[in-house]
There are 2 protein chains.
Amino acid sequence: MTNFEGMGSLTEENYIKSIYSLSLEAGEVTVSELAKKLNVKLPTVNSMIKKLAAKKVVSYAPYQGIKMTEKGKKEALSIIRKHRLAELFLVKVMGLGWEEVHDIAEQLEHVESERFYNRIDEMLGKPKVDPHGEPIPDVNGKIHSKNRLAVSQMKEGTSGKISAVSNDEKSFLDHLNAKGIQIGDLITLKKRESFDGSVLIITKAKKETMLTHQVAERIWVES
Amino acid sequence: MTNFEGMGSLTEENYIKSIYSLSLEAGEVTVSELAKKLNVKLPTVNSMIKKLAAKKVVSYAPYQGIKMTEKGKKEALSIIRKHRLAELFLVKVMGLGWEEVHDIAEQLEHVESERFYNRIDEMLGKPKVDPHGEPIPDVNGKIHSKNRLAVSQMKEGTSGKISAVSNDEKSFLDHLNAKGIQIGDLITLKKRESFDGSVLIITKAKKETMLTHQVAERIWVES
DNA sequence: TTTTAAAGTTAGATGAGTCTAACATTTAAA
DNA sequence: TTTAAATGTTAGACTCATCTAACTTTAAAA
């Protein structure tokens, strides 16, 4: 089965998505970061990067980092749009839980059909955020993102409404479900432990819960 | 009926689906029929058949035809179930036309998620037929199919209610749409031309329309 | 029944995406 | 500032799904 013009293979799409998300953290992406994220070896990434560079999706020079081009960003945002629309659709229309939609969306994001995604977009009322509070790029790849602050960065004694979590894997969301944490909840930061960065928060249900740094930096409040 | 363990690649799934549908016509499938259907050359089919035979999905001996095993049939029915559920979902829930769902379903049928398909099945009320009137296999691969008669086989002067069309490609369905033919319509066969097998029918809208043999043998009435 | 056409098979090549082993460069430590 | 560790690259091999070219078997025609 052939792929459409312009768009790459499934594998290429996965590289593009990963490069994009890593580049949000650091700007430049290294070959080893990418290899780790995609669960392949360094030479595999190396050869694929050359191919993507030839296609002008990334810019790259040996031993220098990998940088996305505008073309690459557009493709990445198109895939992310599809992924997030799919997740919201699975939750809102199909009644699945926010913790179980990631793996399905990971497959649906590769479906090639304007019609399919436009209908989803319409049915959901051209939504701005996915079930995890992450912004959904519009058809032109534009993201309307709000200012936000990681729980790990909140000042002691302050409160905030949870607006997003930046990880949609089941294990992470099961963890949040177990602690009764959801998008929209008002939480208060009671204490931060300086030696390990863990935080003690007071949840909506007035319960105290400890979050490790890795968890707290992936939960965001409006700011 | 599992999707995960022994399930093959996307390519294998497409072979299995094609072998199954060809075998419904003839029982035994030839290498060249399959090559034509999948749009690949003979040696490509030859080598893939060996692989599928090794996996006990088909039985095969050189120069003899290809025959599906029970295991192969089960896999085929699982894929067909997903394809038809997807088509009905796209029409009923997402409001797409019956002529535009095939290509999307062709992609969705490869989604691996029991959860996804069970929800679709539930939302649709465990449906028995897809938008083209074709039966949807249940989770165990069982098909509840009604007796039916091809329009090409109807006796002159008899009437029947259209129960299915056995081709879901856009070009074919656009053709039927243009003639105003839909599932559930009552039609009457006025005349059959013996030299080319074409038929003249009277549609629901009381209009006379000519159908070629190729079209008439793909439209079915209840019997 | 012999010959020819059609269908099927084998052998070997290709491109995509992956790997391991060996080598090169950059960065961090001693 | 030299050396060791980490990171990146090249070369060559493997699997999957495909191809073309050449050969074999079966079926159809003369």
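The values are calculated or read from the model by the stated rules, or taken from the named source; none is laboratory data. Just so we're clear, the structure is a prediction, and the values are computed from it rather than from any experiment. Counting neighbours? That spans all protein chains shown, and the Cβs are built from the backbone with ideal geometry, glycine included. The protein model used for the area step is the full one, side chains on, heavy atoms only, and it has no ligands, DNA or RNA in it. Shrake-Rupley method; radii C 1.70, N 1.55, O 1.52, S 1.80 Å.
Rounded, prolate or oblate, given the Cα gyration tensor of region A:148-222, with a/c below 1.5 counting as rounded?
Note, shape of region A:148-222 comes out rounded.
Could you state how much accessible area B:ARG115 has, in square angstrom rounded to the nearest 10, with a 1.4 Å probe and all protein chains kept in place?
Accessible surface of B:ARG115 is approximately 100 Å².
Of A:LYS161, A:LYS142, B:LYS41, which has the most accessible area and how do the rest follow, probe 1.4 Å?
Greatest to least solvent exposure: B:LYS41, A:LYS142, A:LYS161.
Show that you can apply the helix-only estimate: for chain B, add -39,500 (n - 2.57) for every DSSP H stretch of four or more residues, divide by all residues, and state [θ] at 222 nm to the nearest 500.
Mean residue ellipticity, 222 nm, calculated: -12500 deg cm²/dmol.
Taking each residue in A:84-91, count the Cβ atoms of any other chain within 10 Å of its Cβ, then average. What number comes out?
Mean shielding by partner chains, rounded to a whole number: 1.
Assume the label is 7 Å from Cα along Cα to beta carbon: what separations in nm does A:ALA61 have to the matching positions in the other copies?
6.6
Taking each residue of B:115-124 in turn, how many C-beta atoms of other protein chains fall within 10 Å of its C-beta, and what is the average?
3
Leaving ligands, DNA and RNA out of it, work out the accessible area of B:MET7 with a 1.4 Å probe and give it in Å² to the nearest 10.
30 Å²
Specify the inter-centroid distance of region A:101-143 and region A:169-185, based on alpha-carbon positions, in whole Å.
Region A:101-143 and region A:169-185 have Cα centres spaced 21 Å from each other.
Among the aspartates and glutamates, select those whose C-alpha is under 12 Å from the C-alpha of A:LYS170, and discard any that sit fewer than 8 residues away in the same chain.
A:GLU99, A:GLU100, A:ASP103
Excluding ligands and nucleic acids, what accessible area in Å² is computed for A:LYS55 using a 1.4 Å probe, to the nearest 10?
80 Å²
Rank these by accessible area, largest first, 1.4 Å probe: A:ARG218, B:ARG119.
A:ARG218, B:ARG119
Got the relative contact order for chain B handy, in percent, Cα pairs under 8 Å and 6 or more residues apart?
Across chain B, relative contact order equals 16 percent.
Shortest first and in nm to one decimal, what separations exist between A:LYS204 and its copies in the other chains, measuring from label points 7 Å along the Cα-to-beta-carbon line?
4.7
Where a ≥ b ≥ c are the square roots of the eigenvalues of the C-alpha gyration tensor, would you call chain B rounded, which needs a/c under 1.5, or, failing that, prolate if a/b is larger than b/c, or oblate?
Here chain B falls in the oblate category.
Where does each of B:LEU77, B:LEU52 land when they are ordered by accessible area, with a 1.4 Å probe and the largest first?
Correct descending sequence by accessible area is B:LEU77, B:LEU52.
Report, for B:GLY141, each distance to the same residue's label point in the other copies, shortest first and in nm; define the point 7 Å along Cα→Cβ.
For B:GLY141, the inter-copy label distances come out at 4.6 nm.
Using a Gaussian network for chain B with springs between C-alpha atoms less than 10 Å apart, which of these wobbles most: B:ALA178, B:ALA205, B:ALA86?
Comparing B:ALA178, B:ALA205, B:ALA86 in a Gaussian network model of chain B, the most mobile one is B:ALA178.
Between rounded, prolate and oblate, where does the protein assembly as shown land on the alpha carbon gyration tensor, with a ≥ b ≥ c its root eigenvalues, rounded for a/c under 1.5, else prolate if a/b exceeds b/c?
Cα axes put the protein assembly as shown in the prolate bin.
Roughly how big is the A-B contact, given as buried accessible area in Å² (both sides, 1.4 Å probe, nearest 100)?
1700 Å²
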